[in-house]
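The values are calculated or read from the model by the stated rules, or taken from the named source; none is laboratory data. What you see is a predicted model; the values in this text were computed from it and never measured. Cβ coordinates were reconstructed from backbone atoms using ideal geometry, including for glycine residues, and neighbour counts include every protein chain displayed. Note: accessible area is taken over every heavy atom of the protein model, side chains too, but ligands, DNA and RNA are not part of it. Shrake-Rupley method; radii C 1.70, N 1.55, O 1.52, S 1.80 Å.
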Amino acid sequence: MTVVGPFGLHVRDQALEADVQSGLAAVEAGLLEATKSDVPFITEAAQHLVRAGGKRFRPLLVMLASQFGDPGAPGIVPAAVVVELTHLATLYHDDVMDEADVRRGVPSANTRWGNSVAVLTGDFLFARASHILADLGPEAVRIQAEAFERLVTGQILETAGPRDGRDPVDHYLDVLSGKTGSLVAVSGRFGALMSGADERTVDVLTQYGERLGIAFQLADDVLDIASDSHESGKTPGTDLREGIPTLPVLRLRAQAAAEGKPDDLELVGLLDSDLSGDDALAEVLRRLRAHPALEQARQDTVRYAQEARATLGPLPEGYAKSALEELCDAVVHRAG
């Protein structure tokens, strides 16, 4: 059993391992090629996060989904490059909106070059992704356009907040379905589609990606509170400091409103206060780490990962299906 990729996936078959490793190496080369510009400064900014590394979660899913057709088909690696470029572009924009200082263990682009350069670099990456996508055909363009619309809609819904009377947790899960689930779903869909898999398999892997993507983001929510910067690659409590309503916080607020416990109400008050100081943030992190709301969020992560695993039922048994099941376990382990 071999560990494949930075995500730490365990693969039990040498041929599958070789296919995935080869595919991910080709994606890495494709990312560097796609982020080159005749302007050296643009190349430096565009490759900033590429060279910082990352789990390459979406390309990995493309590679695994392609195993249900012809994994050597020519559109698979370019499709994986497209989804990762799109993801990277959103990170540049997210860091501006969140005023983040660190991304993947390095200074964020907005910290290094300012907001304008970060936003424009994200736009550059979107443009390069579109250029590659055009060669994959009109159906691929339509699929990506629909996913990108969902992604942006999710971001807008997050910014706008839940409408009056809407359960904040339900609203948040809808946000994640758009912001994260959409692009991970496309990863599964592209891998299957580009490999020539049948329509039912394409549909199964799309649904799988949607649920796994939500589980992946919920694991990030837990990590923002439970991990240190070495584990997560970003400053702990970044979401808390920016007032982003992650699931542990929403669970805490719901519990405080329903039960009215003084300690919970006090913690909610601290969350709503100025967390720009390190001491204030550290105190909130300490208390959240010990609160049942964090464990509730972990269980939500497990539930979505289990739903993702359940969607795989119709697929034929084999090493590729086992690897997809293992990927569900790996996502849950991140939040463990």
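Report, in whole Å, the centroid distance computed from the Cα atoms of region 63-108 and region 177-224. Computed from Cα coordinates, the inter-centre distance equals 13 Å. Restricting the chymotrypsin sites (Phe, Trp or Tyr not before Pro) of region 109-163 to loop positions (DSSP other than H, G, I, E, B) with no more than 13 neighbouring Cβ atoms within 10 Å leaves nothing.
Count neighbours as other Cβ atoms within 10 Å of each site's Cβ, and list the GluC sites (Glu not before Pro) in region 105-187 that are DSSP loop with at most 16 such neighbours.
none
Mean residue ellipticity at 222 nm, helices only, the chain: -23000 deg cm²/dmol; runs of at least 4 DSSP H residues each add -39,500 (n - 2.57), and the sum is divided by the number of residues. Working from the Cα coordinates of region 13-153, the gyration tensor eigenvalues give, after taking √(5λ), semi-axes of 26, 17, 14 Å in decreasing order.
Under the criterion of Cα pairs below 8 Å and six or more residues apart, the relative contact order for the chain equals 19 percent. Contact order for region 1-139, expressed relative to its length and based on alpha carbon pairs under 8 Å spaced 6+ residues apart, stands at 24 percent. For region 174-224, the pair-distance distribution built from all alpha carbon pairs, in bins 5 Å wide starting at 0, is 5, 26, 25, 18, 13, 8, 4, 1 percent.
At a probe radius of 1.4 angstrom, the accessible area of region 164-245 per residue rounds to 35 square angstrom.
How many percent of the alpha carbon pairs in region 187-262 exceed a separation of 15 Å?
67
Just checking the listed ones, Val204, Val39, Val175: in the Gaussian network model of the chain with Cα springs under 10 Å, the one fluctuating most is Val39. I need the calculated FRET efficiency for the pair Asp274 and Ala134, taking r as the beta carbon distance and R₀ as 41 Å, to the nearest 0.05. The pair Asp274/Ala134 has a calculated efficiency of 0.30. Select from Ala293, Ala73, Ala45 the residue whose mean-square fluctuation is largest in a Gaussian network model of the chain (Cα-Cα springs shorter than 10 Å). Result for the chain, Cα springs under 10 Å: Ala73 fluctuates most. The per residue volume of the convex hull around the alpha-carbon atoms of the chain is 131 Å³.
Using only the C-alpha atoms, the convex hull of region 230-280 corresponds to 90 Å³ per residue.
Using heavy atoms of the protein chains and a probe of 1.4 Å, the accessible area assigned to Tyr92 is about 0 Å². For region 109-238, the fraction of alpha-carbon pairs lying more than 21 Å apart is 55 percent, rounded to a whole number. Normalised by 2.2 N^0.38 Å, where N is the number of residues, the C-alpha radius of gyration of region 165-323 stands at 1.21. For the residues Leu193, Leu218, Leu315, a GNM of the chain with alpha-carbon springs under 10 Å puts the largest fluctuation on Leu315. Backbone amide hydrogens, once placed in the peptide plane, bring Gly196 within less than 5 Å of Asp70, excluding anything fewer than 5 places away on its chain. Residues whose amide H comes within less than 5 Å of that of Val102, counting only those at least five positions distant or on another chain, are Ser108, Thr235 (H built at 1.01 Å from N in the peptide plane). Of the complete DSSP H runs in the chain, those spanning 15 angstrom or more by Cα along the long axis with a mean Kyte-Doolittle score not below -1.0 are 14-34, 76-98, 115-134, 138-160, 182-194, 199-226, 247-259, 278-289, 319-334.
Which whole-number percent gives the relative contact order of region 164-320, counting Cα pairs below 8 Å spaced six or more residues apart? For region 164-320, the relative contact order is 28 percent. Rounded to the nearest angstrom and listed largest first, the equivalent-ellipsoid semi-axes of region 76-150 from its Cα gyration tensor are 26, 11, 10.
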